[in-house]
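The values are calculated or read from the model by the stated rules, or taken from the named source; none is laboratory data. Just so it is clear, the model here is predicted, and its values are computed rather than measured. Note that each Cβ is placed from the backbone with ideal geometry, even for glycine, and that neighbours are counted across all protein chains shown.
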Amino acid sequence: MKNRFALASCLLLLWTFTEFLAVFVSCQNTDITVNELAEGIKVICPDNYQPKETTLEKRDNNTKEYTCTKSETEKLKIYVKFRSCDNCVELDIMSIVGMVIGNVVATIVIGVGVYLLASQTRTGPVVSNRKSKSSDRQHLVSENRGPSNDHYQPLRRAGQRDTYDELVHRK
């Protein structure tokens, strides 16, 4: 029983190994090579595949899937993605330092300006050029009252009690 199991295992291992070698041999030199150039990339197809090589510029419209064809059934595909920046600005250290210093100076100038405007003392009343309407400003208490001081309620004499003078009613 052990011999049959060992024999089956050996045959399975041998079959797997031969499949691996067959795949390895058939896959040799079937990779698409990509070389980077200064202005783009060069896509090189393996031997016996067409087109032999393709040079692509770095543009967004060159983003797509490229195919190397040997026959109708044997095709290799590669997807090339370009991301270009047409409206970009290159920032160096001096540009960044200049922006930071400019922001700090602008913040200080605005802060000093607000401080100076807020700290001014007003020397006189604000005079309006508009004619005031009688309904606009009505005095609640007339300033022409005499010495009688009718603004205050007169004090009650001792002995007069009101309803809410006591805290607790005791019966």
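Below are the figures for this structure:
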| read-out | value |
| --- | --- |
| Only listed residue being at pLDDT below 90, more than 30 Å from Glu53 (Cβ to Cβ) and not β-branched (Val, Ile, Thr), chosen from Glu72, Glu90 | Glu90 |
| Selected residue (criterion: surrounded by the fewest Cβ atoms within 10 Å (Cβ to Cβ)) from residues of region 39-90 that are touching a helix residue (DSSP H, G or I) at 6+ places or on another chain (Cβ under 6 Å) and among the hydrophobic types (A, V, I, L, M, F, W, C) | Phe82 |
| All positions within region 28-38 that are exposed (fewer than 15 other Cβ atoms within 10 Å of the Cβ) and of a type outside the set (Gly, Ala, Ser) | Gln28, Asn29, Asp31, Thr33, Val34, Asn35, Glu36, Leu37 |
| Pair list, Cβ < 7 Å and 6+ apart or interchain, from region 95-112 residues that are assigned to a helix (DSSP H, G or I) to residues that are surrounded by fewer than 10 Cβ atoms within 10 Å (Cβ to Cβ) | none |
